Amino acid sequence: MSDEDNRADMVAEGIPERRFGFWRRCYAMMVKEFIQLRRDRVSFAMIVMIPVLQLLLFGYAINTTPRNLPTAVLLQEDSDLARSVLKALQNTAYFHFTREVHDVTEFDDLLLSGKVLFGVEIPRGFERAVRRGDDPALLVAADATDPIAAGSALSALSVIVQTALAHDLFVGDHPSPPFEIRVHARYNPASSSRLNIVPGLVGTILTMTMLIFTALSVTREIERGTMENLLSMPITPIEVMLGKIVPYVIVGFIQATLIIGIGVILFGVPLLGSLTLLAALSTLFITANLAIGYTFSTIAKNQLQAMQMSIMFFLPSILLSGFMFPFAGMPVWAQYIGEGLPLTHYLRIVRGIMLKGATLENLQYDSIDLLALMLLAMTVAVTRFRRTLD
Amino acid sequence: MTATTPSRADIAIDVHGFSKSFGGREVVHDLSMQVKRGTIYGFIGPNGSGKTTTIRMLCGLLTPDSGEGTCLGYDIRRDADKIKRQVGYMTQRFSLYQDLSVRENLEFVARLYGVRDARATAREMIKRLGLNGREEQLAGELSGGWKQRLALGACTLSNPQLLLLDEPTAGVDPKARRDFWNEIHALAARGLTVLVSTHYMDEAERCHEIAYIAYGHVLVHGTVDEVIAKSALTTYTVTGDNLTTLSAALSGKPGIDMVAPFGTSLHVSGRDKSALDATIAPLREQHGVHWQHSEPSLEDVFIELMTRSKDNFQ
C-alpha cells in the first residue's frame with residue numbers, strides 16, 4: 001500500500017492526523033496569506049518602497065550640522081577688510097550669502113519671515129577702526145528659533161574666521177582677531193530647544209491626527225457598503241468632501257487650541273504675535289491636511305491602503321519639514337520636497353508668530369503655499385472621487 | 001398590437017441594447033426593456049444573471065458599455081443627476097448607516113434630497129413604518145425585517161416616481177415579506193413605478209409584469225399568465241405513494257425535462273408533449289398514483305428556461 005492510500009484510508013476513517021495537523025494548518029494559513037499579499041499590489045509595493053525610498057530619501061537629506069545656511073549681508077562699508085571677512089565667512093561653508101540688503105528694516109524682515117537664518121552686518125568705518133586697534137564689533141544676528149540649525153555655525157564662527165583671516169591680515173601674531181564678533185541669538189536667546197520643539201509639535205500632531213480622520217472617510221463608506229446608497233442619492237463630490245472635512249476642522253481647531261495652550265502655560269513658550277492670525281492660519285493648515293487625507297481616501301481601495309498612504313506622507317512631513325532636522329541644512333532637492341508639505345510652511349508660520357512675532361506680511365508666501373496645497377488636494381480629491389461603481 | 005404601445009409619457013423605463021462587462025466578462029448583454037408607469041415590474045433570474053448590474057445602470061451607479069435609454073424621460077447617460085432626484089434605490093445589502101439611529105438615518109436622507117422640514121418628514125416616516133419607539137435605536141441593531149422596512153422608508157422618503165428594489169426581501173420572514181409587498185402595492189396604486197428583483201416565485205407572481213433574465217439576457221417577459229402561456233411546457237401533477245422512487249425512475253427519460261417535488265406531489269414537465277405522454281403512459285396505470293394534467297407553475301417555467309439558457313449561453 002502506498003503512502004497516499006494510507007492517508008486516504010485514515011481520512012476516510014476519520015482519524016485525525018495528530019502529528020502533522022498543526023504544521024499543515026499553519027502552512028495552509030501561510031500559503032493563503034502569501035497569495036493575498038501578492039494580490040494586494042499596494043502592500044507589496046510598500047514592502048520595497050518604505051525601506052528603500054525612505055532610507056535613501058532621509059539618509060541623503062538629513063543633516064544635523066547643516067552648511068550653506070542662507071545669510072543676509074548688510075554692508076555699511078565697502079572695504080578690502082569687509083570683503084575679506086565676508087569671504088572668510090563664506091569659506092567656512094556654514095554661511096551662504098543669499099541676500100545683500102541696504103538697511104536695517106530689510107535685514108530684520110528677512111530674519112522675521114525666515115528667509116534667512118543669519119544676518120551679518122559690517123558697520124561703517126569698520127576697517128579704519130580695526131587699523132586703529134579699536135576692536136570694532138562685527139554683528140552676526142542669528143535666528144535661534146531652531147538652535148540646532150544655528151548652533152554649529154555659531155560655535156564655529158570665531159575660530160574659523162580667525163584662522164581664515166590670519167594670512168589676510170597683517171596681524172599674524174595676534175592671538176585673537178582685531179575685532180569683536182558680536183553674536184545676537186534672536187528670538188531664543190537661551191537657545192532652548194523646547195521653544196523650537198513645542199510649536200513644531202503643534203504642527204506635527206495636527207498633521208497626524210487630521211490625516212487619519214479623513215484618510216479613512218471614503219474607504220470606510222465603501223467597505224461598509226454605504227457608498228452605494230450615498231451615490232444613488234443626489235449629492236455631488238464637492239458636497240461629500242466639504243461635508244466630511246468641515247466637522248474635523250472644528251475638531252482640529254480644538255486640538256490646536258489645547259496644544260498651543262499647554263505649550264504656553266506648561267512649557268512657557270511665548271506668543272509674541274497675533275493670536276487671531278495664529279488661529280486663522282492654523283485653521284488653514286488643519287483644512288489643508290484634512291483635504292490631503294481625504295484625497296488619499298479617494299485614491300485608496302481600502303482602509304489599509306489609506307493608512308499606508310498616510311504613513312508615507314507623515315514620515316517625510318516629520319523628517320523633511322524642518323521639524324526634526326534643520327530645513328536649511330538639507331540639499332536643495334530635499335528642500336523642494338519639503339516645500340510641497342504643508343507642515344514645512346506651518347512650522348515657519350507657527351514659529352514665526354509665536355517666537356518672533358511675525359505678521360501676515362512676513363508670512364504671506366507660506367500662507368499662500370498652504371492655501372495652494374489645500375486647493376490642489378481638494379481638486380485632486382474631487383476629480384478622483386468615483387461617482388459610479390464602475 | 002400598435003394600439004397597446006404606450007405613449008412616451010406612460011413609460012418610466014425605456015432602454016435598448018444595454019451591455020456591461022466587468023474584466024472581460026459580459027454581465028449584461030444587449031438588454032432592452034420597457035416599464036410602464038405605475039406598474040410593479042419583477043426582475044427574476046438566478047444569482048449572477050445581471051439583475052443588480054442592470055438596476056445600477058438604471059440609476060446611474062454604473063455606466064453601460066453600450067446601449068441607451070431613458071429613465072423617467074431623462075437620458076440615462078447624460079442626466080444621471082436628474083434621475084437620482086426622482087428615483088429611490090434600495091440596495092441588496094443594507095446600506096444605511098449602522099451607527100446612526102433610525103431617526104438620524106431618515107433625517108440624513110431627507111436633507112440630501114433637500115426636503116424642507118427634514119425632522120418632520122423623518123418623524124412622519126417613522127410613524128408610517130411603524131417604527132415608533134425605535135427611532136433612537138441604532139440601525140445596525142435592528143432585525144432583518146425592520147432594517148428592510150427602514151431601507152424602504154428611506155428610499156421612498158423623497159416621494160420618488162420610480163423605486164428600484166434589489167432583492168429587497170432576502171432574509172426576511174414571511175410575515176414581514178407580506179407586509180412589504182402590501183406596501184409596494186399601495187405605493188404602486190399611488191402611481192409609483194416599482195422595479196423589483198427577486199428570485200422568489202411567489203413574489204414574481206405578485207408583480208404586474210415580469211422579465212426573466214439569465215446570463216445577462218432577457219429570456220421572456222410579460223404578465224405572469226403570458227409568461228406561462230409562452231412556455232410550451234406540459235406539466236403533470238402526480239400525487240400518491242413512493243413518489244421518490246417514481247421521481248428517480250422518470251429522471252432522464254425521453255420527453256421528461258423536469259421532475260420536481262412539491263410537498264406531497266411531484267411536478268413532471270416536458271417540452272415535447274407526445275414524447276412525455278409516451279414515457280409516462282405505462283406509469284399512469286400504476287396503483288396508488290394519481291396523475292393530473294395541470295398548468296405549469298411559474299417556477300416550472302423558470303427552471304426550464306434556466307436549464308435551457310445554460311445550454312445556450314454557457
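Per-structure values
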quantity	calculated
The range A:219-230, residues that are within 13 Å of another protein chain (Cβ to nearest Cβ) and of a type in the set (S, T, N, Q)	A:226, A:229
Some residue of the range B:124-139 being within 14 Å of chain A (Cβ to nearest Cβ) and outside any helix (DSSP H, G or I)	yes
Test: residue in the range A:196-208 that is more than 14 Å from chain B (Cβ to nearest Cβ), among the polar types (S, T, N, Q), within 18 Å of the chain's Cα centre (by Cα) and surrounded by fewer than 18 Cβ atoms within 10 Å (Cβ to Cβ)	no
All positions within the range B:140-152 that are farther than 16 Å from residue B:175 by Cα and either surrounded by fewer than 19 Cβ atoms within 10 Å (Cβ to Cβ) or more than 13 Å from chain A (Cβ to nearest Cβ) (or both)	B:140, B:141, B:142
First in the range A:240-251 and in the same structural domain as residue A:227 (by TED's automatic domain parsing), second anywhere and surrounded by fewer than 16 Cβ atoms within 10 Å (Cβ to Cβ), Cβ under 8 Å, 6 or more apart	A:249/A:283
Residues within the range B:111-139 that are buried (at least 19 other Cβ atoms within 10 Å of the Cβ) and among the small types (Gly, Ala, Ser), tallied	2
Condition broken by residue B:89, with the remaining ones in (1) assigned to a strand (DSSP E or B); (2) more than 20 Å from residue B:165 (Cβ to Cβ); (3) not basic (Lys, Arg) satisfied	(2)
Checking residue B:67 against (1) within 14 Å of chain A (Cβ to nearest Cβ); (2) touching a residue at least 40 places away in the same chain (Cβ under 8 Å), the condition it does not meet	(1)
Helices (runs of 4 or more DSSP H) contained entirely in the range A:288-376, each with at least 2 residues that are buried (at least 24 other Cβ atoms within 10 Å of the Cβ) and in contact with a Pro (Cβ under 6 Å, 6 or more places away or on another chain)	A:342-351
Selected residue (criterion: farthest from residue B:166 (Cα to Cα)) from residues of the range B:33-58 that are hydroxyl-bearing (Ser, Thr, Tyr) and either modelled with pLDDT of 90 or more or over 13 Å from the mean Cα position of the chain (by Cα) (or both)	B:39
Condition check for residue B:309: in a helix (DSSP H, G or I) and within 30 Å of residue B:48 (Cα to Cα)	yes
Residue within the range A:40-50 that is touching a residue at least 40 places away in the same chain (Cβ under 8 Å) and under 19 Å from the mean Cα position of the chain (by Cα) present	yes
Test: residue in the range B:96-110 that is at pLDDT 90 or above, loosely packed, with under 15 Cβ neighbours inside 10 Å and in contact with a Gly (Cβ under 9 Å, 6 or more places away or on another chain)	yes
Yes/no for residue A:51 being outside the structural domain of residue A:360 (by TED's automatic domain parsing), at pLDDT below 85 and under 24 Å from residue A:153 (Cβ atoms)	no
Filter result for residue B:61 (surrounded by 16 or more Cβ atoms within 10 Å (Cβ to Cβ), touching a residue at least 40 places away in the same chain (Cβ under 8 Å) and either more than 19 Å from the chain's Cα centre (by Cα) or facing another protein chain (nearest Cβ under 10 Å) (or both))	no
Any hit, the range B:289-302, residues being free of Cβ contacts under 8 Å to residues at least 12 places away in the same chain and not assigned by TED's automatic domain parsing to the domain that holds residue B:35	no
Scan of the range B:87-111 for residues that are free of Cβ contacts under 8 Å to residues at least 40 places away in the same chain and out of contact with any Leu (no Cβ under 8 Å at 6 or more places or on another chain), ordered by number	B:93, B:103, B:104, B:107, B:111
Output for the range B:261-292, where each listed residue is in a strand (DSSP E or B) and buried (at least 16 other Cβ atoms within 10 Å of the Cβ)	B:265, B:266, B:267, B:268, B:269, B:270, B:289, B:291
Check on residue A:281, closer than 30 Å to residue A:361 by Cβ and either assigned to a loop (DSSP other than H, G, I, E, B) or away from chain B (no Cβ under 14 Å) (or both)	yes
Residue among A:76, A:54 that is in contact with an Asp or Glu (Cβ under 8 Å, 6 or more places away or on another chain), at negative phi, surrounded by 11 or more Cβ atoms within 10 Å (Cβ to Cβ) and in contact (Cβ under 8 Å) with a residue 40 or more places away in the chain	A:76
Single unsatisfied condition, residue B:23 versus (1) within 14 Å of chain A (Cβ to nearest Cβ); (2) at pLDDT 90 or above	(2)
Conditions (1) over 23 Å from residue A:65 (Cα atoms); (2) crowded, with 23+ Cβ neighbours inside 10 Å; (3) in contact with a Leu (Cβ under 9 Å, 6 or more places away or on another chain); number of the one not met by residue A:381	(3)
In the range A:377-390, residue nearest to the other protein chains (Cβ to nearest Cβ) [restricted to those that are assigned to a helix (DSSP H, G or I) and among the hydrophobic types (A, V, I, L, M, F, W, C)]	A:382
Test: residue B:30 is surrounded by fewer than 18 Cβ atoms within 10 Å (Cβ to Cβ), away from every other protein chain (no Cβ under 14 Å), under 20 Å from the mean Cα position of the chain (by Cα) and among the acidic types (Asp, Glu)	yes
Candidates A:108, A:143, filtered to the one that is closer than 26 Å to residue A:368 by Cβ, free of Cβ contacts under 8 Å to residues at least 24 places away in the same chain and buried (at least 16 other Cβ atoms within 10 Å of the Cβ)	A:108
Per-region count, the range A:231-259, residues part of a helix (DSSP H, G or I), within 12 Å of chain B (Cβ to nearest Cβ) and surrounded by 19 or more Cβ atoms within 10 Å (Cβ to Cβ)	2
Top-ranked residue in the range B:45-58 [being within 14 Å of chain A (Cβ to nearest Cβ) and of a type in the set (Ser, Thr, Tyr); ranked as farthest from residue B:30 (Cα to Cα)]	B:52
Number of positions in the range B:76-113 that are closer than 27 Å to residue B:31 by Cα, touching a helix residue (DSSP H, G or I) at 6+ places or on another chain (Cβ under 9 Å) and more than 8 Å from chain A (Cβ to nearest Cβ)	5
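The values are calculated or read from the model by the stated rules, or taken from the named source; none is laboratory data. No experiment lies behind these values; they were computed from the predicted model shown. When we count neighbours, we look across all protein chains shown, and the Cβ atoms used for this are built from the backbone with ideal geometry, even at glycine.
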